[in-house]
Structures are given as C-alpha cells and as structure tokens.
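Below: one structure, written as structure tokens.
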Amino acid sequence: MTLADLAAARGPASAAVLADQGLSEGERTALLNGMRGRLGEMRDSIARGLSSDAKSRTGMVGWNAKGLWDAPDALSSPLLKRVQAYAMAVNEENARMGRIVAAPTAGSAGTVPGALIGVGDHLDLDDDALLLPLVLAAGIGEVISKTMFIAGSTGGCQAEIGSSAAMAAAAVTEMLGGDAEASVHAAAMALMNTIGLVCDPVGGYVEVPCVSRNAFFAVHAVSSAQLALAGLRSVIPPDEVVQAMASVGRMLPPELRETGEGGIADTPTGRRIALEMAR
C-alpha cells in the first residue's frame, strides 16, 4: 500500500491500514489489544517521566519534562505545554534506561505519545478514541519504512523523528475527525518540513538535542494536523515527499548521521562533553 492508496480510502485511514493487513477477526482483535497495551506503556512512561527529575547516566538530561510540567504556563497555552512535557517525559525515560515504546525508534519515541496522548488528554478523550489513530500511525511508519530505513544512522534525524512526526500528525488528524486524505496529507506536511534534519547527538548519546527535539516535533505534528483539518494539502504528493526525504538522507555525509561527528555534536562544547564522557 502506498500513501496515495491510503489517502484515497473511504472513511478513516486506520480502517484501510487494518484492511491491508488481511487479518482474520481473531488476528484483528489481537492486534487491537496489542495496540491498547502500547498505549498503556506510553502512558506509563509519560507518568514516570513527569514525576522524576533523576538525571540520565550522562547527566545531560533527566529533569526537563518535570521542570516544564511543574513550571507556570508562561504562554497560557496548556495544550502546547502538555504536548511538549509528555514528549520529553518519554525520551528522558529512555535516557534513564526506562521502559518506553519505540515509535518508531527509541530516539523519536516521545513524538507520537506527546502529540496523540497530549491532545487526547487536553480534550479529555479516553484511550478508545486513541486506539485506531495509533494503528494509523503504525501504518504510516510502515509505508515510510518501505522507502527509507527509519534510523538516524541511515538517513539523518529526518528519517527518524521526521517519520515519527508524520505518524503523529496522521494520528492526531484522524482522532480529531479527519478523513483519510486529510490524515495522509498531514503526515506529508509534517515530513516535508523535516527534510534535511541531521542526526547529531552529543557524544553519540540519544539525549542532546534528542529530548527537546521530540518536544518540538510533537508540536510540529499537531500543527500539521491543524493545517490538514483546515483543508490545506501538500502540493507535493505524499509518496513523493517520502522519496525526497530518502534521497536527501542518502546524500547526507556520515558525519551527519548519528556518528556524533557533526552538527551540534561537533561544537566546542559538544566535543568537550564527548571527551569527558569518554574519560
């Protein structure tokens, strides 16, 4: 199935994702039960992350999510704060070696729950309303992965957190009542606006800038959903957006693909921190 196929589906895009799997009734039930379990794990990692200020093993992160969650809302924007804090909570749990759901990777694990559960909680929705949108998120990730490996080491952060932002954008769009076309175009707009993003973790650890990057791109996903729900569409067909991301990823030099040798990691401070870690 292509994104074009998915966008052309009648009704919710998640229904098309499920139909494409060719599942029996029993297998469909098992899949949905598994997804419900994933939602529970996501919620658990959010709760742990928001309540802990324990540092990661490197000491670079660990208190950001709780600090934001406990701080006064300077912008009077509870949704924005919630989405950011949820996303960082998950990634700081990852940095502390806690249990998380890779969605689709550990480094980008906060984007989908930050956006999907964050918006759901803001609107006081229960997990039943989030379940099929999460199925759609997985379907979007599956389609992208057929064109490009979803890993910063192969395509830069655009292939990793860009994919998670696309997954989250589609999920939020469906959760808010968007049809298949709107959901797929939300994913395309989210992915399009991450193209070129490099993977440059300081010291090679999935902490800086990864934790805050999940917060930013969870909001990015929600913004993409809002645009799609307002009727905006990607001028470039969604499948071509994925192909463009893959092409750029293959052109990125090794220094910008999770080696810790370029970008933020190659700043004087980044190099100093990496040296200290090595010692």
Seminar exercise, completed: Across segment 174-189, the tally of residues that are over 11 Å from residue 13 (Cα atoms) and either of a type in the set (Ser, Thr, Tyr) or modelled with pLDDT under 95 (or both) stands at 0
Problem set entry | Of all residues in segment 11-30 being aliphatic (A, V, I, L, M) and surrounded by fewer than 16 Cβ atoms within 10 Å (Cβ to Cβ), the one that is farthest from the chain's Cα centre (by Cα) | 23
Exercise. Any idea which residue in segment 46-79 is surrounded by the most Cβ atoms within 10 Å (Cβ to Cβ), counting only those that are in a loop (DSSP other than H, G, I, E, B) and β-branched (Val, Ile, Thr)?
Worked result: 61
Exercise. Looking at 177, 139, which is the one that is assigned to a helix (DSSP H, G or I) and not β-branched (Val, Ile, Thr)?
Worked result: 139
For this session: Report yes if some residue within segment 210-227 is outside any helix (DSSP H, G or I) and touching a helix residue (DSSP H, G or I) at 6+ places or on another chain (Cβ under 8 Å); otherwise report no.
Result: no
Seminar exercise, completed: Considering segment 110-134, residues that are touching a residue at least 60 places away in the same chain (Cβ under 8 Å) and surrounded by fewer than 22 Cβ atoms within 10 Å (Cβ to Cβ), and then whichever is farthest from residue 187 (Cα to Cα), we arrive at 127
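Select from segment 80-105 the residues that are of a type in the set (S, T, N, Q) and part of a helix (DSSP H, G or I) and write down the one among them that is farthest from residue 225 (Cα to Cα). Let's see the steps before the verdict.
Residues of segment 80-105 of a type in the set (S, T, N, Q): 84, 91, 94, 105.
Then keep just the ones that are part of a helix (DSSP H, G or I); that gives 84, 91, 94.
Values: 84: 16, 91: 22, 94: 26 Å.
By that ranking, first place goes to 94.
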Problem set entry | Hits in segment 216-235 (condition: within 21 Å of residue 136 (Cα to Cα) and either of a type in the set (A, V, I, L, M) or touching a Leu at 6+ places or on another chain (Cβ under 7 Å) (or both)) | 218, 219, 221, 222, 225, 227, 228, 229, 230, 232
Exercise. Across segment 243-261, what is the total count of residues that are out of contact with any strand residue (DSSP E or B) (no Cβ under 9 Å at 6 or more places or on another chain) and assigned to a helix (DSSP H, G or I)?
Worked result: 10
Problem set entry | Residue that is in contact (Cβ under 8 Å) with a residue 60 or more places away in the chain and within 27 Å of residue 16 (Cβ to Cβ), where the choices are 138, 102 | 138
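The values are calculated or read from the model by the stated rules, or taken from the named source; none is laboratory data. A quick note: this is a predicted structure, and the numbers were derived from the prediction, not measured. Virtual Cβ from ideal backbone geometry, glycine too; neighbours counted across all protein chains shown.
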